[in-house]
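The block underneath contains the structure these notes are about, expressed in structure tokens.
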Amino acid sequence: MRKHYMRIPYTDVLASPTIIPKTSNTIAGAIAAIQEFFHASRSTVVLSGAGISVASGLADYRGAKGTYRVNKTYRPIYYSEFLQNHEARKRYWARSFLGWTTLLKAKPNAGHYAVKHLGDLGLVQSVITQNVDSFHPKAHPQLPTIELHGYLRSCVCTSCHEELPRDTFQHELARLNPAWEAFLQEILATGALDTENPDERRSKGLRTNPDGDVDLPDAPYTTFRYPSCPRCLTAPPIATDGSRARVEVDTDGAWKSTSTAGILKPAVTMFGENIRAPVKVEAEHAIENAGGLLVLGTSLATYSAWRLAKRAKDRGIPIAIINLGGVRGEDTFFADLDPSQEGSQGVRAEFSIGELLPALVEQMRQSSSMNSAQEDHNHSAEQHGASVFKDMMS
């Protein structure tokens with residue numbers, strides 16, 4: 001009997017949005033509306049999703065070329081499956097091993113830097129992101145970022161909870177899997193991982209997903225090996241029954257299935273896994289202290305993000321949503337707005353983040369009463385407008 005797996009919700013296309021206010025159907029109109037939003041909601045918190053990282057070459061989930069739209073059979077691994085199934089872990093780490101190069105090369109884009117400059121202007125106080133690519137903290141280290149679903153830059157042990165840098169882990173995967181390392185070099189030579197176009201990648205036999213893995217149909221995943229937690233290998237932890245856990249490796253140092261501890265996982269919240277309690281509390285605290293919520297590049301299909309937006313709505317603070325395509329239950333956030341409001345109570349616009357935000361920042365700069373020292377510091381951006389963000393990517 002085939003094992004049943006929990007269905008991922010909202011994989012279908014969401015209903016098209018109602019643009020609010022109606023003038024937000026153009027870039028200029030959307031900018032004007034968001035300016036009104038910021039005037040009414042200082043100390044705004046940003047809530048971002050995969051859509052903001054598309055311009056960096058990463059896939060999203062529910063966009064026009066998103067994973068759920070292009071690959072109807074895609075199903076992410078569940079936390080329980082990862083913990084319990086050695087073969088499932090082999091498959092996960094093999095795919096992740098191939099995809100890590102793409103994520104490592106990718107950089108924050110104009111949208112991330114626009115968020116930084118909104119922070120510099122005093123309009124955004126913090127960011128909550130669902131993304132695990134670490135682009136937000138890279139683009140704006142001075143603007144606090146709460147990584148709601150964790151991050152791929154590290155692995156964490158499921159037994160002792162020690163973290164291991166992902167680049168160190170990647171080197172170990174390469175050492176333990178020389179044939180896979182040679183195959184990765186062949187893929188790199190084709191240029192399939194250099195292009196940001198998912199269609200070009202698929203034409204070369206690759207599928208890439210937002211969590212940084214590469215899907216190769218019929219690949220021999222069962223041959224893949226992965227290391228144990230080095231700390232648990234040296235000092236096996238105490239099991240729940242009070243006995244000493246067993247951590248065993250083969251002659252090369254690969255984790256053996258006879259082990260009862262020392263399993264490394266990505267430092268992300270997997271499907272079916274709870275968000276870490278301190279992170280959950282920190283995100284809720286950010287919403288409680290926000291004057292407004294700016295939602296960027298997410299359909300809010302994941303409940304952990306949707307509930308934060310709903311919490312903001314329940315507090316009565318303005319919400320602005322910029323996303324290509326529909327958003328889960330978005331009528332909830334805009335149902336009671338004054339029809340004549342021009343953005344101060346809420347905004348819904350449908351543009352790419354990389355197109356709208358840099359133009360918004362330039363407009364906000366021009367209308368800002370920044371002091372001369374700040375103006376001198378940002379002279380390049382004022383002279384060149386949105387193009388400065390493109391320069392940052394070169």
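What pairs from Lys116/Lys138; Lys22/Lys310; Lys22/Lys313; Lys138/Lys313; Lys105/Lys280; Lys107/Lys138 go past 19 Å between their alpha carbons?
Over 19 Å apart, Cα to Cα: Lys22/Lys310; Lys22/Lys313; Lys138/Lys313; Lys105/Lys280.
Charged neighbours of Asp167, selected by a Cβ distance under 15 Å, balance to +1 (K, R count +1; D, E count -1). With all pairs of different C-alpha atoms in the average, the Kirkwood value for the hydrodynamic radius of the range 262-329 is 13.4 Å.
Sorted from fewest to most neighbouring beta carbons within 10 Å, what does the list Val127, Val327, Val281 look like?
So the ranking, lowest neighbour count to highest, is Val281, Val327, Val127.
By the beta-carbon count within 10 Å of each Cβ, the least crowded to most crowded order of Thr102, Thr251, fewest first, is Thr251, Thr102.
Computed over the range 74-149, the quotient of the alpha carbon radius of gyration and 2.2 N^0.38 Å is 1.43.
Protection proxy ranking for 30-43, 267-280, 291-304, using the average of other Cβ atoms within 10 Å per residue and placing the highest first: 291-304, 30-43, 267-280.
When every alpha-carbon pair in the range 236-375 is counted, what percent end up more than 17 Å apart? Of the Cα pairs, 74 percent sit more than 17 Å apart. The modelled label-to-label distance between Gln185 and Gln366, using points 7 Å beyond Cα along the C-beta direction, is 5.3 nm.
Ile27 sits among other residues whose Cβ lies under 13 Å from its own Cβ, and their net charge, with Lys and Arg +1 and Asp and Glu -1, is -3.
Here r is the Cβ-Cβ distance between Glu282 and Thr258 and R0 is 56 Å; the resulting FRET efficiency, rounded to 0.05, is 0.90.
Each value in this text was obtained by applying a stated rule to the coordinates, not by laboratory testing. Treat the numbers as computed from the prediction; the structure is a model and nothing was measured. Because the Cβ atoms are built from the backbone with ideal geometry, glycine has one as well, and the counts that use them run over all protein chains shown.
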